[in-house]
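This report refers to the structure that appears directly beneath it.
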Amino acid sequence: MKKIMVTGALGQIGSELITKLRSEYGADNVLATDIRHKDSEVTAGGPFEVLDVTDAKRMHALAKDFGAGTMMHMAALLSAKAESEPLFAWNLNMGGLMNALEVSRELDMQFFTPSSIGAFGPSTPKKDTPQDTLQRPTTMYGVNKVAGELLCDYYYNRFGLDTRGVRFPGLISYVAQPGGGTTDYAVDIYYKALQEGKYTSFIAEGTYMDMMYMPDALQAIVDLLEADPEKLIHRNAFNVTAMSFDPSQIAASIKKQIPTFEMAYDVDPMRQAIADSWPDSIDPSAAMAEWGFKTNYDLDKMTIDMLSKLRTKLN
Ligand code: AKB
């Protein structure tokens, strides 16, 4: 059975990834680590250790003591936060990734880390963005993500490390809220719809971005981890997406369930500029062809599930 170590386990993806991995591989086989300790299912449901990913020595010791065969490096600062603290973002995003890659090389582990639609920039084709295309991002987060994609390719080509990864779009879930991202509005809107019956979007109407519901994102991670390496032409940074919408379309989807819901706009120039530099919709066909990537949720199906799960959570 795989033994997996996860960094950033209390983050938006990590919080649910841990539950999924523990159910697939057994609770004792998944070591969750995070810079914070917060009483939760993640810290109580199996092995948990506090880890600052810039501390390479401790990362190595934890991976070695646990006997981990797979490293899933999820700790990172998201786009808007990275833009307001670029130096900190560089140190955390690149330092953490380098440490995780090095520890994986030293201990001969399989390696997974997510890239993002943020790895694209204004000169990238905006619609049906191909798997292999121009990448000149204009944000610190994007610079980190492109460098990360290249590093993962480098570790595979140079050292034969089994690196794998996807480019995630905005991820929407009812368990942990994202923090410091540009696509966060598409999560906030569901909370506010239930709590206040209205939402003021910091992203302008007409701004399209790719999105995916968390259960599809988690399944994609597990499917790529288990994929036959012979079939992987790309290995890292696979485009994956389930839908592309603008704020008015998610509002319309919510209105179908809550007819009194109202949407307003108060655009945040910094996050709007980031969103404007990203693609409208990316093409996931390489992931589909190489490891059978697929999704189950479109916008309306996700809205129905989000609202029902959140209703239970908030009551
Ligand atoms: C963000 O908005 O920063 C993230 C992402 C798309 O990488 N959700």
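If you scan segment 147-172, which residues turn out to be touching a strand residue (DSSP E or B) at 6+ places or on another chain (Cβ under 7 Å) and of a type in the set (S, T, N, Q)? Working first, answer last.
Within segment 147-172, the first condition is being touching a strand residue (DSSP E or B) at 6+ places or on another chain (Cβ under 7 Å), and the residues that meet it are 148-149, 152, 155-156, 161-172.
Answer for segment 147-172, where residues must be touching a strand residue (DSSP E or B) at 6+ places or on another chain (Cβ under 7 Å) and of a type in the set (S, T, N, Q): just T163.
P122 passes all but one of (1) away from the ligand (no atom under 11 Å from the Cβ); (2) in the same structural domain as D305 (by the TED database); which number fails? Going through the list (1) away from the ligand (no atom under 11 Å from the Cβ); (2) in the same structural domain as D305 (by the TED database), P122 breaks only (2).
Only one entry of T182, T139 meets the criterion of being of a type in the set (S, T, N, Q) and touching a Lys or Arg at 6+ places or on another chain (Cβ under 6 Å), and that entry is T182. Of all residue pairs spaced 6 or more apart or on separate chains, those with beta-carbon atoms under 8 Å, a first member in segment 266-282 that is in contact (Cβ under 8 Å) with a residue 12 or more places away in the chain and a second member that is basic (K, R) and within 13 Å of the ligand (Cβ to nearest atom) are I282/R167. The set of residues in segment 261-288 being among the aliphatic types (A, V, I, L, M), surrounded by 14 or more Cβ atoms within 10 Å (Cβ to Cβ) and out of contact with any helix residue (DSSP H, G or I) (no Cβ under 7 Å at 6 or more places or on another chain) consists of V267, A273, A275, A286, A287, M288. Of the candidates A56, A44, the single residue that is out of contact with any helix residue (DSSP H, G or I) (no Cβ under 9 Å at 6 or more places or on another chain), hydrophobic (A, V, I, L, M, F, W, C) and surrounded by fewer than 22 Cβ atoms within 10 Å (Cβ to Cβ) is A44.
Please specify each residue of segment 1-21 satisfying the condition of being among the charged types (D, E, K, R), within 16 Å of the chain's Cα centre (by Cα) and more than 16 Å from the ligand (Cβ to nearest atom).
First pass over segment 1-21, keeping only residues among the charged types (D, E, K, R): 2-3, 16, 20.
Subsequent filtering for residues that are within 16 Å of the chain's Cα centre (by Cα) retains 16, 20.
Within segment 1-21, K20 is the sole residue that qualifies.
Name every residue in segment 148-183 that is of a type in the set (G, A, S), under 26 Å from L107 (Cβ atoms) and crowded, with 19+ Cβ neighbours inside 10 Å, in order of residue number. The answer is G148, G165.
Only one of S79, S116, S104, S40 is more than 19 Å from the chain's Cα centre (by Cα) and modelled with pLDDT of 95 or more; which? Working first, answer last.
Working: S79 fails: more than 19 Å from the chain's Cα centre (by Cα); S116 fails: more than 19 Å from the chain's Cα centre (by Cα); S40 fails: modelled with pLDDT of 95 or more.
So the residue among S79, S116, S104, S40 that is more than 19 Å from the chain's Cα centre (by Cα) and modelled with pLDDT of 95 or more is S104.
Please name all residue pairs, on different chains or six or more residues apart, with Cβ atoms under 6 Å, provided the first residue is in segment 22-33 and is on the phi < 0 side of the Ramachandran plot and outside any helix (DSSP H, G or I) and the second residue is of a type in the set (S, T, Y) and modelled with pLDDT of 95 or more. Partner pairs satisfying both residue conditions: T33/T7. Within segment 87-129, if we keep just the residues that are touching a Leu at 6+ places or on another chain (Cβ under 6 Å) and surrounded by fewer than 18 Cβ atoms within 10 Å (Cβ to Cβ), the residue that is nearest to S285 (Cα to Cα) turns out to be S123.
Scan segment 264-315 for residues that are part of a loop (DSSP other than H, G, I, E, B) and either at positive phi or aromatic (F, W, Y) (or both) and report the count. Before you say what the answer is, go through the steps one by one.
Step one: filter segment 264-315 for residues part of a loop (DSSP other than H, G, I, E, B), giving 266-268, 278-281, 283-284, 292-298, 315.
Restricting the remaining residues to those that are either at positive phi or aromatic (F, W, Y) (or both) gives 278, 292-293, 297.
Number of matching residues: 4.
Do the conditions hold for D298, that is, is it touching a Gly at 6+ places or on another chain (Cβ under 6 Å), modelled with pLDDT of 95 or more, closer than 24 Å to V166 by Cβ and not β-branched (V, I, T)?
Values: touching a Gly at 6+ places or on another chain (Cβ under 6 Å): no; modelled with pLDDT of 95 or more: yes; closer than 24 Å to V166 by Cβ: yes; not β-branched (V, I, T): yes.
In short, no.
Residues in segment 98-110 that are in a loop (DSSP other than H, G, I, E, B) and either acidic (D, E) or within 16 Å of the ligand (Cβ to nearest atom) (or both): D108 only.
Filtering segment 79-86 for residues that are out of contact with any helix residue (DSSP H, G or I) (no Cβ under 7 Å at 6 or more places or on another chain), more than 16 Å from the ligand (Cβ to nearest atom) and touching a residue at least 12 places away in the same chain (Cβ under 8 Å) leaves an empty set. Run down T33, T113, T70, T43 and say which single residue is among the β-branched types (V, I, T) and within 16 Å of the ligand (Cβ to nearest atom). Answer to the check: T113.
The values are calculated or read from the model by the stated rules, or taken from the named source; none is laboratory data. Quick caveat: nothing in here was measured; it's all calculated off a predicted structure. No Cβ is skipped: glycine too gets one built from the backbone with ideal geometry, and neighbour counts run over all protein chains shown.
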